[in-house]
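In what follows, a structure is listed as structure tokens, so that the remarks can point back to it.
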């Protein structure tokens, strides 16, 4: 009896819209951006764990802003190549490039964390709207891909909330780890978008 | 947190991601999309989320294992994070309290 139930469960699971790695003709941008953010988020967790050891190599301090600039450049390429949603991709590209610049200024000691966050918080909120509700093509109730896009937007809003809490309560280790884990979550949510890409 | 634990977490982050990617791939091909195992494309192999997660874990391991060794050999002073750039527009805590008391 148990074997039949497990068999039914597997059969039902097999009917779920899971098509990882097939973009249906569209550019497979999501998984590469997802892997990039997962990688950089993991490095940010490592940065917190390593403490001062991380700063021994000067270039390591600039990993996060450099990643944002690279993501911005990648998004510029996507907005050039992708036939649809050009304005949305271009907006994201500009936000990523400006975010990379302000984070770089902070890491180089030219501006304070609060000054950098003055740009980062609104940028994350706007990005959440652009990636989530505006880019989620499809019915949010029925389209898995639209729901996954919304998840990416929600993660961006969570990151903005963590930044806001940092401004309100000051820097704490918990908030630093939360932000780094949030960037990892952003990467994971983009990978999930690709996983469900065939479901739209 | 002890430096040994920090080093262990740093060293295990990459392998943990790789393991998650392997589990994801096994679930995809073994449970969710069993019929597609015979129709794998190059696009799927290159841009499959599970495969990219494994690749990310591999790259992370290559970078993080030397850092884990450095952390394991570091002194507690070296593990302390460098201070942030102070914000000139921000009052120190005591001054803010004194301002509020007026």
**Request:** Treat the count of other C-beta atoms within 10 Å as a stand-in for reagent exposure and order A:112, B:47 from fewest to most.
**Result:** A:112, B:47
**Message:** Using Cβ counts within 10 Å as a stand-in for footprinting exposure, how do A:163, B:3, A:86 rank, fewest first?
**Reply:** A:86, B:3, A:163
**Request:** Take peptides A:49-57, A:173-181 and line them up by average Cβ neighbours within 10 Å, highest first, as a rough protection proxy.
**Result:** A:49-57, A:173-181
**Message:** Counting only other chains, and only Cβ atoms inside 10 Å, what mean value do you get across the residues of B:8-20?
**Reply:** 2
**Item:** Per-residue Cβ neighbour rank within 10 angstrom, fewest leading, A:117, B:25
**Value:** B:25, A:117
**Message:** Give the separation of the Cα centroids, segment A:36-52 to segment A:56-120, in Å.
**Reply:** 17
**Asked** Looking only at other chains, what is the average number of their beta-carbon atoms within 10 angstrom of each beta-carbon in A:115-123?
**Response** 1
**Asked** Using the Cα gyration tensor of segment A:28-199, with a ≥ b ≥ c the square roots of its eigenvalues, what is the shape: rounded (a/c below 1.5), prolate (a/b larger than b/c) or oblate (neither)?
**Response** prolate
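Throughout, read-outs are computed from the coordinates displayed, never taken from laboratory work. This is a predicted model, so every value here is computed, not measured. Heads up, the Cβs are rebuilt from the backbone with ideal geometry, glycines too, and the neighbour counts pull from every protein chain shown.
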